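Note sheet for the following structure.
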Amino acid sequence: MGIIEWLDSTRYYARLGLITAVFGTIAVPCGHPAITVNVGQERVVTIPGVDAPVVEPHLSINPRNPNNLIAGAMVAQSDYNYSVIGLSSLDGGLTWYKHEFSAKGAGDVWTAFLADGTAVLSFLAQPDSALQVFRSGDGGRTWSERPATTARGQDHPTLLFGPDGSLYTVSAGYARTKSERARDAIIVTRSADGGASFAGPVSVIASNLLYEAGNPAIAPDGMLLIPFADHHRPGSRRRLQGPRDWMVVSSDGGKTFSEPLLISESCDGRGGWSSLAVFRDRTYHVCPAAELNGIQFRHSENRGETWSEPIRIDHPGDTTPQTRTPAIAVNGEGLIAIAWYDARNDRSTEHNQGELPLPRDRRRSLSGWRTYVFARSTSFKQTILRGDSAECRDGTSLSGWRRVHGAGSCSRRLVSTSLVRQPKRDVSPVYREGCSQRKMMLRDQW
């Protein structure tokens, strides 16, 4: 899945006392105070009564109470299906309460909080991949018995909360044209009552190719921006020679959408969904580079009409490329957080050196602003690379992922970039490694 949401770092760290290292001070534009980057320890989230792999976690932070966290995840069953659990914490992730949803054959969990603190959780339920949305008024302890079903036959559903109070679901599905041809489509639904009910789905057919929606974003003015990536021709098993990332935009609450706006011809969709984030009039985009060899970052100053040349934000490796599942967010001060998996430079199945120095020639200019990148890398055994998440809000990020024993090793790298007008000293990355079986992991960062 891969998503980042910001949290108020001052309140969060003051209450939790989890600062373990000062990662450096990030300079910001003149007139703003410097930001201290803090690195916290990872924390194993032990799930009571669960002795099975827990995969594809997604977590969110209550904007009214940063100590209130919710998470959703898939739990493997003995019949090769998955069930879904909800987790909630009222003490910033120290202790957790578990809720088991009754649906069997469920997955693709996503979570969100509304502005009033109402928690929302969605997932796909069999037998028809119905997108179901549940609500909680007590911070995730209990959930509505009857969900709102927004659409059927969906994949990779996401939740978005807009500045006008609207709640959106965005997913990949299909629709029929006027000539009754079935086409891939981006499916959007909107709720005006906090997820209790949804208007009928809006289908966006972009072309006759095969494609899926990525991780969308909402601009401060309510504009809805949805990325998608095409990869195959109809009826063909061969991937397109040049997969492309696109974006469609809606300025009327998801009722109508623009024509597809080209973002990139150099992303590799095999490495996970691309992600968008918005800060003021800028739109940011991250994706895995071709052949999974790096993470690309680009921006647009006109809501996707044109895009900057890509900046590679990671350091090239000297072994088999393996970078996946990037996520991005921007806080209210313009600080960007990016997270991704990276398994390069791994010469054994036991260790990953985790070094990520950023050469000076990689520090590129963004329209007069200089970009500085700081990284933290943690190596661990991982059997599933897709579906994990990071959450941040106003200064601090939380990252959740599944970590198990298995073949191969990979690392979760989180990068913080600050757009500044003055020099900044180098900051060395911090490295830890470890492995834990059948655990959901939670990390506090920055």
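Can you find, within segment 68-95, the residue that is modelled with the highest pLDDT among those that are among the aliphatic types (A, V, I, L, M) and assigned to a loop (DSSP other than H, G, I, E, B)?
Among those that are among the aliphatic types (A, V, I, L, M) and assigned to a loop (DSSP other than H, G, I, E, B), it is 90.
State the number of residues belonging to segment 262-304 that are touching a helix residue (DSSP H, G or I) at 6+ places or on another chain (Cβ under 6 Å) and touching a residue at least 40 places away in the same chain (Cβ under 8 Å).
3
Show me the strands (runs of 3 or more DSSP E) entirely contained within segment 196-282 in which 3 or more residues are over 23 Å from residue 174 (Cβ atoms), basic (Lys, Arg) and at pLDDT 90 or above.
Passing ranges: none, list empty.
Among the residues of segment 279-288, count how many are surrounded by fewer than 21 Cβ atoms within 10 Å (Cβ to Cβ) and under 18 Å from the mean Cα position of the chain (by Cα).
As a first pass, look at segment 279-288 and keep what is surrounded by fewer than 21 Cβ atoms within 10 Å (Cβ to Cβ): 279-282.
Now restrict to residues that are under 18 Å from the mean Cα position of the chain (by Cα): 279.
Total meeting the criteria: 1.
Each row is one residue, and each column tells you yes or no for (1) touching a Pro at 6+ places or on another chain (Cβ under 9 Å); (2) charged (D, E, K, R).
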residue	(1), (2)
249	no, no
255	no, yes
258	no, no
270	yes, yes
290	yes, no
295	yes, no
299	no, no
308	no, no
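If I ask for residues that are modelled with pLDDT under 95 and in a loop (DSSP other than H, G, I, E, B), which ones from segment 166-177 would you list?
177
Restricted to segment 302-327, and to residues that are β-branched (Val, Ile, Thr), in a loop (DSSP other than H, G, I, E, B) and at pLDDT 80 or above, which residue is nearest to residue 289 (Cα to Cα)?
It comes out as 313.
For segment 68-87, which residues satisfy the criterion of being of a type outside the set (Gly, Ala, Ser) and without any contact (Cβ under 8 Å) to a residue 24 or more places away in the chain? Can you show your working first?
Residues of segment 68-87 that are of a type outside the set (Gly, Ala, Ser), as a first pass: 68-70, 74-75, 77, 79-82, 84-85, 87.
The answer is 79, 80.
When residues of segment 235-245 are filtered for being within 18 Å of residue 225 (Cα to Cα) and either in contact with a helix residue (DSSP H, G or I) (Cβ under 6 Å, 6 or more places away or on another chain) or surrounded by 22 or more Cβ atoms within 10 Å (Cβ to Cβ) (or both), how many remain?
Result for segment 235-245: 1.
For every residue, the table says whether it meets (1) more than 21 Å from residue 233 (Cβ to Cβ); (2) in contact (Cβ under 8 Å) with a residue 24 or more places away in the chain.
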{"position": "167", "(1), (2)": "yes, yes"}
{"position": "173", "(1), (2)": "no, yes"}
{"position": "176", "(1), (2)": "no, no"}
{"position": "184", "(1), (2)": "no, yes"}
{"position": "190", "(1), (2)": "yes, yes"}
{"position": "194", "(1), (2)": "yes, yes"}
{"position": "204", "(1), (2)": "no, yes"}
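Would you check which residues across segment 38-92 are polar (S, T, N, Q) and surrounded by fewer than 19 Cβ atoms within 10 Å (Cβ to Cβ) and list them? Reasoning before the result, please.
Applying the first criterion (polar (S, T, N, Q)) to segment 38-92 yields 38, 41, 46, 60, 62, 65, 67-68, 77-78, 81, 83, 88-89.
Listed by number, the residues that qualify are 41, 46, 65, 67, 77, 78, 81.
Take segment 46-67 and flag every residue that is in a strand (DSSP E or B) and free of Cβ contacts under 8 Å to residues at least 60 places away in the same chain.
Correct list: 67 only.
Within segment 190-225, restricting attention to residues that are of a type in the set (D, E, K, R) and over 24 Å from residue 288 (Cβ atoms), which residue is surrounded by the most Cβ atoms within 10 Å (Cβ to Cβ)?
Ranking the qualifying residues of segment 190-225, first place goes to 190.
The values are calculated or read from the model by the stated rules, or taken from the named source; none is laboratory data. It should be emphasised that the depicted structure is a prediction, and the values quoted were computed from it without experimental measurement. For neighbour counting, all protein chains shown are included, and Cβ atoms are generated from backbone atoms with ideal geometry for every residue, glycine included.
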